[in-house]
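This report concerns only the one structure given below.
The values are calculated or read from the model by the stated rules, or taken from the named source; none is laboratory data. This one's a predicted model, so the numbers in the text were calculated from it and none came from an experiment. Because the Cβ atoms are built from the backbone with ideal geometry, glycine has one as well, and the counts that use them run over all protein chains shown. All accessible areas refer to the heavy atoms of the entire protein, side chains included, with ligands and DNA or RNA removed. Shrake-Rupley method; radii C 1.70, N 1.55, O 1.52, S 1.80 Å.
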Amino acid sequence: MRFVAGNWYTASTAKLLKELRVNPSLGLSNQEAKSRLERMGPNVLVTAPPISPWRIFLSQFQDFMVLVLLGTVVISVLLGEYLDAAAIFAILFLNAVLGFVQEYRAERSIEMLGRLAAEHCRVVRDGHKTLIAAADLVPGDIILLETGDRVPADARLLECQLLSVDESNLTGESVPVSKDEKFLGDEATPLGDRKNAVYKSTLVTRGFGRAVVVATGMDTEIGKIAHLLQEKEEVETPLQRRLQQLGKSLVLGCTALVAVVFAAGVQQGLSVYKMFMVAVTLAVAAIPEGLPAVVTIALSVGVQRMSRQNAVIRQLPAVETLGCATVICSDKTGTLTLNQMQVQELWTARRQYNLSDWEKLPLDPRVQDDLWYSVAVGALCTKAEMYEDGSAFGDPTEVALVRLAERCGLRQSSLRRSYQEVDGVPFSSERKRMSVVVSTGRDYLALVKGAPDVILPRCTHMLIGTQVVKLTQEKRREASAVLDAMTDQALRVLAAAYKPLGQTAGPREQWEQGLVFTGLVGMIDPPRPEVPPAVQAARLGGVRTIMVTGDHQKTAAAIAERIGLLTSETHQVLTGSEWEALTPLQQREEIKRTAVFARVAPTHKLSIVKALQANGEIVAMTGDGVNDAPAVKEAHIGIAMGMQGTDVTREASHMVLLDDNFGTIIKAVREGRGIYDNIRKFIRYLLGCNVGEVLTMLAATLLGLPLPLIPMQILWMNLVTDGLPAIALGLDPVERDIMLQKPRNPREGVFARGLWKRILFSGITISMAALAIFVFSLWYYPGELERSRTMAFTTLVLAQLIFAFQCRWERHSIFDMGIWGNIYLIAAVLLSGGAQVFLLHTPFMASIFQTVPLKLDDWLLVVIFAFFPLFAETVVMIGKRAVQRHFSFLKV
């Protein structure tokens, strides 16, 4: 909401800050920010309202077959069949409630995705830099902007360094706009020319900025056109689209079979009305209208499981693709390692210092020698902040350097008072260095830190003690040897340098030329303890891990060795320049043997992804910097870092790691495989049950038998078997040995690996069991058609509930694994089975559904026949295993 009046881009910053009642150095207090948030509301745009529960509920009655059944309810009332009408309507209502619960959960789960992937931003509160949700921003907040950030609110710039912003979503201008905090326009200045302002939802493409928020939420410029953003995008996975096509085919197939049942019944002399009711109810039961909703529930439940393990899915199709991943390209720092930097070694021309035992450096703060500069550059040439209470904010590498300075007696706050920053060039993955220009009050000094192989070529001199001498080839070789020794120990190494600029800062291009080299700083970033077992688990599951890092080749190789990345098949370590020198065909061959890519630029990441894809691999690629976005977007599964990543990379990604941990990727792959397996489980269950029901009715009518089921019983069976058990299968825990299986081929259909055969086999055996007990009871209880129907009806229900347990495993038998492990399925089966018993033995329900109470002998027969499908499947499985064991050369 707007807090300031008038055109804030024309006012002076002093006036604006006074009106906003904020100190630009301290920012707002947390208490004041909370008060403003309560008064003005969250910094969010109004989006399309969620579908109301009533609309979801009423949509359950829009299916054609359900509408036909509602029509039969009306006809039944007109014919005086009030009990039938009430019973049919009650079952339809219960079905609608069940469908509503499924769809409502799916809708809310998809909404949760948006909340999990909510933006964050850096602000200054109570004098400390901190990270908060962008929705909690208020006018007066001081925000910090860096390359790759999505601007969280409309704001006036207070300070910027080489800041450029892509404002194409507001102005249509494709070229990023260079910003200038000193610019003052007038009221007629168009939005695209306001160089002292940044706007919500625009993208920082370069540089650094500090700004004060002036408008949030719907009062921002993007908020004024928010009505154009209220179209709700429906995201469907490839599997959902395939199942929709399958559903249409099943409707046609079921309609044809139901028409045969109808015609056969009429041919036998049964009334058209009665057969019409049978046909319609059978069609309702046979068509798996709940399939899309159950698929969505399985996907959304899986997404919630992943979010609890710090993997936030931004795009539902990624859930499917995760199970197919064959290669994971992972960054090193923070993903394979802890990203908890600690300075281990420091080298100057005079001496090498080992700091692993926290040895105190012999640094005299009054003497500006090589040691002083090597430490001070890290404390001044940085965006990290150290506070009085000992806490720090910033990149872990920079925080480690600031902590080193504090430990040596060079307090960052004191240094900044003596050496005030006046300008700078931010770090970028292409430049691999950062520079600041500081003023001592008398003259100016450029301080530079970065990768040694970038800094050393820019140095012409070096500092030995307090003497500046020529940087000879011998000294260069000595520095290179020290660098190699440090990287062999898996240390991350930065070089420090400076340049006196005189009484003026001079042109920016000269700040990083002719530098004075002061020393090398080596930091340890140990591997995460969970990474080696995660790499091994991925390898056992047919998933290869490749390290892709900007670090030195030897540092990367040392870490790769520690985490078990190097194998006899993949042992090669390539640098970005070596990779770039290869032809595309050579790249495709070399990547088969490569485990580590070091010193890579973001453009190399994109070519690595393309080479792997050309080899037929399904690639997951991690990224954090703004220039990683193209590779992350190109990968089948783009993975952004939630802690260190930029907004633009997160937006390009399919998944965000909240903990930046490689182990979380493997957990997500495992969940992705489990979700797909669960979808196959309830597809097998739903279609197997429906095939059994249709075949039972079809065979009975073709054989000239009485109808084994009446319409009410068909509807009831659809309610108790297709509802809760199917949902429970979607919640099945991931199988323990799932990461011992090879990745699934993404082109395989959902019915691959023999699923159609299993569905048909199960449907046939369920139908055989029901027909067998129906025919037997017709013979055993002559003249008791209701008892025969009751036994066939109950056998079908129990056989389907037992079948739910069979569907839990494809590679194992229920006798191998037992029935435990899914408490939801056990509860669903007990509830559905209990409902069936209640129906049979309650006179009122029995009169509605035309059933009779079963005797103990009847129940014994029903249970025996209900177990027949399980018995048949077990015999077939044992036979297959025997053939595989004795004739292993045959493919069974």
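Looking only at the range 872-886, decide whether some residue is among the hydrophobic types (A, V, I, L, M, F, W, C) and touching a helix residue (DSSP H, G or I) at 6+ places or on another chain (Cβ under 7 Å).
Taking the range 872-886 first, the residues among the hydrophobic types (A, V, I, L, M, F, W, C) are 872, 875-878, 882-883.
Checking the rest, the ones that are also touching a helix residue (DSSP H, G or I) at 6+ places or on another chain (Cβ under 7 Å) come to 872.
Yes, because at least one residue in the range 872-886 is among the hydrophobic types (A, V, I, L, M, F, W, C) and touching a helix residue (DSSP H, G or I) at 6+ places or on another chain (Cβ under 7 Å).
With GLY265, GLY223 as the choices, which residue is at pLDDT 80 or above, within 23 Å of TRP716 (Cβ to Cβ) and either surrounded by 16 or more Cβ atoms within 10 Å (Cβ to Cβ) or of a type outside the set (Lys, Arg) (or both)? Let's see the steps before the verdict.
Working: GLY223 fails: within 23 Å of TRP716 (Cβ to Cβ).
Within the list GLY265, GLY223, the selection yields GLY265.
Just one of the listed residues (ILE848, ILE814, ILE878) is open to solvent by less than 70 Å² (accessible area, probe 1.4 Å), modelled with pLDDT under 90, closer than 26 Å to ARG684 by Cα and aliphatic (A, V, I, L, M), and it is ILE814. Summed over the range 558-573, residues that are part of a strand (DSSP E or B) and over 10 Å from ALA598 (Cβ atoms) total 1.
Could you list, in sequence order, all residues of the range 170-201 that are of a type in the set (D, E, K, R) and under 25 Å from ASP647 (Cβ atoms)?
Let us first name the residues in the range 170-201 that are of a type in the set (D, E, K, R), namely 173, 179-182, 186-187, 193-195, 200.
If the condition is that a residue be of a type in the set (D, E, K, R) and under 25 Å from ASP647 (Cβ atoms), then GLU173, LYS179, ASP180, GLU181, ASP193, ARG194, LYS195, LYS200 are the ones that fit.
Residues in the range 384-408 that are farther than 19 Å from CYS121 by Cβ, open to solvent by 50 Å² or more (accessible area, probe 1.4 Å) and assigned to a loop (DSSP other than H, G, I, E, B): 2 in all. Can you tell me which residues in the range 427-447 are within 41 Å of the chain's Cα centre (by Cα), free of Cβ contacts under 8 Å to residues at least 60 places away in the same chain and crowded, with 17+ Cβ neighbours inside 10 Å? Across the range 427-447, the qualifying residues are PHE427, MET434, VAL436.
For the range 174-191, the set of residues classified as farther than 19 Å from LEU145 by Cα and surrounded by 13 or more Cβ atoms within 10 Å (Cβ to Cβ) consists of LEU184, GLY185, THR189, LEU191, listed by residue number.
Filtered by the rule that a residue be among the aliphatic types (A, V, I, L, M) and in contact with a Gly (Cβ under 6 Å, 6 or more places away or on another chain), the range 412-436 gives a lone residue, VAL436. If you go through the range 650-662 and keep only what is farther than 16 Å from ALA631 by Cβ and open to solvent by 10 Å² or more (accessible area, probe 1.4 Å), you end up with LEU658, ASP659, ASN661. Only helices (runs of 4 or more DSSP H) whose full extent lies in the range 279-383 are considered here, and the ones with at least 2 residues that are at pLDDT 75 or above and within 22 Å of ARG670 (Cβ to Cβ) are 291-308, 317-322. Of everything in the range 758-792 that is open to solvent by 30 Å² or more (accessible area, probe 1.4 Å), of a type outside the set (A, V, I, L, M, F, W, C) and modelled with pLDDT of 90 or more, the residue that is nearest to LEU870 (Cα to Cα) is ARG758. Of the strands (runs of 3 or more DSSP E) lying entirely inside the range 126-222, those containing at least 1 residues that are over 23 Å from ALA33 (Cβ atoms) span 154-166, 203-215.
Cβ-Cβ distances below 9 Å connect the following pairs, each with a first residue in the range 407-426 that is free of Cβ contacts under 8 Å to residues at least 12 places away in the same chain, a second residue that is open to solvent by 30 Å² or more (accessible area, probe 1.4 Å) and not in a strand (DSSP E or B), and a separation of six or more residues or different chains: SER414/PRO365.
Output yes when any residue across the range 147-154 is touching a Cys at 6+ places or on another chain (Cβ under 6 Å), under 28 Å from MET434 (Cα atoms) and open to solvent by less than 50 Å² (accessible area, probe 1.4 Å), and no when none is. Yes, because at least one residue in the range 147-154 is touching a Cys at 6+ places or on another chain (Cβ under 6 Å), under 28 Å from MET434 (Cα atoms) and open to solvent by less than 50 Å² (accessible area, probe 1.4 Å). Of the residues making up the range 546-557, those that are polar (S, T, N, Q), open to solvent by less than 10 Å² (accessible area, probe 1.4 Å) and not in a loop (DSSP other than H, G, I, E, B) number 1. Of the residues making up the range 147-202, those that are modelled with pLDDT under 85, among the small types (Gly, Ala, Ser) and more than 31 Å from the chain's Cα centre (by Cα) number 3. Of the residues that sit in the range 721-749 and are open to solvent by less than 10 Å² (accessible area, probe 1.4 Å) and β-branched (Val, Ile, Thr), which one is nearest to GLY688 (Cα to Cα)? So, considering only residues that are open to solvent by less than 10 Å² (accessible area, probe 1.4 Å) and β-branched (Val, Ile, Thr), the one nearest to GLY688 (Cα to Cα) is THR721.
For first residues located in the range 163-187 and touching a residue at least 60 places away in the same chain (Cβ under 8 Å), partners that are open to solvent by 70 Å² or more (accessible area, probe 1.4 Å) and not polar (S, T, N, Q) and lie 6+ apart or on another chain with Cβ distances below 9 Å form the pairs GLU181/LYS195; GLY185/ASP193; GLY185/LYS195.
Matching residues to (1) outside any helix (DSSP H, G or I); (2) within 20 Å of ALA726 (Cβ to Cβ); (3) in contact (Cβ under 8 Å) with a residue 40 or more places away in the chain:
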| site | (1), (2), (3) |
| --- | --- |
| PHE815 | no, no, yes |
| ILE819 | yes, yes, no |
| GLN836 | no, yes, yes |
| VAL852 | yes, no, yes |
| LEU860 | no, no, no |
| ALA872 | no, no, yes |
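Looking only at the range 22-57, residues that are under 16 Å from THR216 (Cβ atoms) and either loosely packed, with under 15 Cβ neighbours inside 10 Å or modelled with pLDDT of 80 or more (or both) come to 18 in all. For the range 448-474, taking the residues that are open to solvent by less than 50 Å² (accessible area, probe 1.4 Å) and not in a strand (DSSP E or B), the one that is farthest from HIS552 (Cα to Cα) is identified as GLY465. Residues in the range 687-699 include none that are part of a helix (DSSP H, G or I), over 16 Å from LEU796 (Cα atoms) and in contact (Cβ under 8 Å) with a residue 12 or more places away in the chain.
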